[in-house]
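The values are calculated or read from the model by the stated rules, or taken from the named source; none is laboratory data. Nothing here was measured: the structure is a model prediction, and the numbers come from that model. Virtual Cβ from ideal backbone geometry, glycine too; neighbours counted across all protein chains shown. These accessible areas exclude ligands, DNA and RNA; they are computed on the full protein's heavy atoms, side chains included. Shrake-Rupley method; radii C 1.70, N 1.55, O 1.52, S 1.80 Å.
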Amino acid sequence: MNQWNQWKRIVILLACVIVLTTGCGLDVMTKFERWSLDPVIAARIRELDEAFEAGKPVEHYVSNLADLTHDQMRFELYYLLRHLELAGTDQISNARLNDASPMKDLDQWMIELDQIQSMDQYYRFLKKVSEAYQPLYTRVLHPGKVLEGLPALESLEQAKSVLPQEVIWETYNGYRNKPQVLLNNQQLLQRFENKSGLEYHSDLFEREEVVSTGVAEDGKTAYLKIASFQIRGTAPDGTVLGVKDFLSSLYKFDTLIIDVRGNHSLDISPWRDEIVARLVKVPARIQTYIAFRRTAPGKAMRQELLTQFSFEAGRLLYDASRGSRTSAANLALDGTPQSPVSMNQVIYDDRQQLGDYVRIRDVVTPRDPVNFKGKIYLLTDSQVYGSADLFSFYLKQLDLAELVGKQNRGDGIAQTFGFYRMPLPYSGIVFQIQMAYGFNKDGSPNHDRGTTIDVARENGEELEYALKQSIRKIQPEP
C-alpha cells in the first residue's frame with residue numbers, strides 16, 4: 001500500500017511538472033508566436049515567407065487606407081524586417097560596427113505597433129524602424145516623394161492614366177507602375193496636411209541656393225561651390241549646374257578649388273557629364289565593384305540589374321520622379337566571382353553574406369573639354385556621401401584632383417544601383433532599402449568610409465589649406 005502511495009505521489013509530481021512546464025512554455029512564447037497560432041494568420045505569414053524566398057513582391061493593397069487593420073500592419077512589419085535584416089546591406093555594417101544589431105526585435109516592435117491609432121502614427125513608426133538601422137539611404141519614402149511630378153490623384157482611373165509610358169526598372173521605381181500604390185500615397189499625403197513634422201520638403205534645390213563661383217583677387221584661382229547635385233530644372237546654358245561658361249574660362253586660372261563639403265546628393269549626371277567629361281582630355285575608364293546579399297531578394301535584384309543593363313544601357317538610372325535621365329551610355333556591367341588582387345582589404349565576415357560581385361565599368365568620354373592645365377583641389381568632409389562621394393572617387397582615380405578635408409561617409413559606389421523601393425504589401429507605403437554593398441578600391445566597405453583623402457583638414461581649414469597652396473584669396477565673383 002505504501003508502495004502504491006509512493007507511485008501515486010510520483011505520478012502527481014510528474015503531472016505537476018508537466019503542467020508547470022506547459023504553462024511556462026506558454027508564458028515564454030513570443031507575442032509574434034502567439035499571434036501566428038491563428039491558422040489564417042499563419043497562412044498569410046507563409047505567403048510572405050514564400051514570396052521572400054522567391055524574391056517576389058506581395059501585392060494586397062487596400063483600396064482605402066482607413067481600412068488598414070492592425071493585423072495588416074503586423075504583416076507589413078514582419079515582411080519589412082525580413083528584408084531589412086536578410087536583404088538589406090545596412091545591417092551587415094551596422095552589426096559589425098555596433099557589435100550587435102541596433103534594432104529592436106520583432107516582439108518589441110509589435111508592442112509599439114499595437115499602440116498605433118492612425119496612419120500618421122503608423123508612418124512615424126515606420127520612420128522610427130528605418131532610423132534604427134542608422135542608415136544613409138534606407139528609409140520610408142514620404143508620399144510627396146512617391147508622387148513627385150504627378151498631378152493630384154482622385155481616383156484609380158486617374159492613377160492609371162498617369163503611369164509612365166516606358167518600362168522602368170521594377171525594383172528601383174517600379175512602384176510608379178502601380179496605380180493603387182500611387183492612390184494610397186495620395187490618400188496618405190492628404191492626411192499629412194497641416195500635420196507638424198509630416199510636411200514634404202523636396203530634395204530638389206534651386207540652383208542659386210547650392211551652386212556658386214568665385215575668383216581670387218589676382219584672377220589666378222577659381223572657386224566652385226556645389227552644396228547639392230539635386231537641382232530643379234536646367235539653367236539658361238542648358239545644363240543642370242549652370243557653370244558651363246565658368247568652366248570654359250578655366251584656361252585663365254592656375255588653380256581650381258571645387259568645394260562639395262556637406263553634399264550628400266543622389267544625382268550623378270551633373271558632375272559626370274558637366275564637370276568630369278569636360279576635365280578629361282581622352283576617354284577615361286573607371287572600374288568599381290558592388291555585391292548583393294546571398295538571399296533570394298538580393299539574388300533577384302542582382303539578376304535584374306544584369307539583365308536590364310544587358311540590353312539597354314542607362315535605363316536603370318532613369319528616375320520618373322525627376323523626369324530626367326542620367327547619362328550612362330558608356331556603362332557596362334557584368335557578374336564575376338572574383339575581384340582584383342588590389343582589393344585586399346575585403347572584410348571576410350561581410351563577404352560571407354554577399355553573393356558574386358558585379359563589376360561596373362564606366363568610360364567618360366570628353367565633352368567640350370576645357371583647356372585647364374592647373375591644379376585642382378576637392379574639399380570634402382564627414383557630411384559628404386552618396387553621389388558626392390562617387391564624384392570624389394572619380395576625381396581621385398582619374399588623378400584629376402587632390403582631396404582635402406575630413407574622411408567622407410561613403411556609400412557612393414553602391415547607391416547608384418542599390419535601392420529597392422518596395423511598396424509594403426497592404427498599405428502601399430514605399431520603403432527604400434539599400435540592397436547593394438559597395439567596395440572601395442582596396443576592397444574595404446564603402447558604406448563605412450568613402451574615398452580616401454590626400455590631406456587631412458577640418459573645421460574650415462580645408463579651404464585655407466587650398467588657398468595657401470595657391471597663395472590666393474577667394475572673393476565673390478561680380
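In the list Arg367, Arg359, which residue meets the criterion of being outside any loop (DSSP other than H, G, I, E, B), open to solvent by 30 Å² or more (accessible area, probe 1.4 Å), touching a residue at least 24 places away in the same chain (Cβ under 8 Å) and under 21 Å from Pro283 (Cα atoms)? Steps first, answer last, please.
Values: Arg367 fails: outside any loop (DSSP other than H, G, I, E, B).
Every option except Arg359 fails the conditions.
Can you tell me which residues in the range 361-380 are within 16 Å of Tyr223 (Cβ to Cβ) and either within 32 Å of the chain's Cα centre (by Cα) or polar (S, T, N, Q) (or both)? Walk me through it before giving the result.
The first filter runs over the range 361-380 and keeps only residues within 16 Å of Tyr223 (Cβ to Cβ), leaving 370, 372, 374-380.
Of everything in the range 361-380, those that are within 16 Å of Tyr223 (Cβ to Cβ) and either within 32 Å of the chain's Cα centre (by Cα) or polar (S, T, N, Q) (or both) turn out to be Ile376, Tyr377, Leu378, Leu379, Thr380.
Criterion first (aliphatic (A, V, I, L, M) and in contact with a Pro (Cβ under 7 Å, 6 or more places away or on another chain)) does Val384 satisfy it?
Taking the combined requirement at face value, the residue does not satisfy it.
For residues that are assigned to a loop (DSSP other than H, G, I, E, B) and touching a strand residue (DSSP E or B) at 6+ places or on another chain (Cβ under 6 Å), scanning just the range 332-342, find the one that is farthest from Phe229 (Cα to Cα).
Ranking the candidates gives Pro337 first.
What are the residue pairs meeting all of these: first residue in the range 450-471, first residue among the basic types (Lys, Arg), second residue assigned to a loop (DSSP other than H, G, I, E, B) and modelled with pLDDT of 85 or more, Cβ atoms under 8 Å, and 6 or more apart or on different chains?
Arg457/Lys406
Residues checked against (1) charged (D, E, K, R); (2) in contact (Cβ under 8 Å) with a residue 60 or more places away in the chain; (3) crowded, with 17+ Cβ neighbours inside 10 Å; (4) in contact with a strand residue (DSSP E or B) (Cβ under 9 Å, 6 or more places away or on another chain):
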site	(1), (2), (3), (4)
Tyr78	no, no, yes, no
Ser93	no, yes, yes, yes
Leu97	no, yes, no, no
Lys104	yes, no, no, no
Asp107	yes, yes, no, no
Asp114	yes, no, no, no
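I need the full set of residues from the range 32-65 which are open to solvent by 60 Å² or more (accessible area, probe 1.4 Å), touching a residue at least 40 places away in the same chain (Cβ under 8 Å) and either part of a helix (DSSP H, G or I) or aliphatic (A, V, I, L, M) (or both), in order please.
Scanning the range 32-65 gives a single hit, Glu53.
Tally the residues that are in a helix (DSSP H, G or I) and in contact with a strand residue (DSSP E or B) (Cβ under 8 Å, 6 or more places away or on another chain), restricting the search to the range 261-286. Quick ask: steps written out before the conclusion?
Kept after step one, since they are in a helix (DSSP H, G or I), are these residues of the range 261-286: 269-279.
With the extra rule that they be in contact with a strand residue (DSSP E or B) (Cβ under 8 Å, 6 or more places away or on another chain), the set shrinks to 269-272, 275-277, 279.
Number satisfying all stated conditions: 8.
Find all pairs meeting these conditions: Cβ atoms under 6 angstrom apart; at least six residues apart or on different chains; first residue within the range 381-410 and in contact (Cβ under 8 Å) with a residue 60 or more places away in the chain and farther than 17 Å from Leu463 by Cβ; second residue in a helix (DSSP H, G or I) and among the β-branched types (Val, Ile, Thr).
Within 6 Å, the pairs are Tyr394/Val276.
Within the range 201-225, which residues are within 23 Å of the chain's Cα centre (by Cα), modelled with pLDDT under 90 and open to solvent by 60 Å² or more (accessible area, probe 1.4 Å)?
His201
Which one of the conditions (1) at pLDDT 90 or above; (2) surrounded by 10 or more Cβ atoms within 10 Å (Cβ to Cβ); (3) over 22 Å from Met301 (Cβ atoms) does Cys16 fail to meet, given that it meets all the rest?
Only one criterion in (1) at pLDDT 90 or above; (2) surrounded by 10 or more Cβ atoms within 10 Å (Cβ to Cβ); (3) over 22 Å from Met301 (Cβ atoms) is unmet by Cys16, namely (1).
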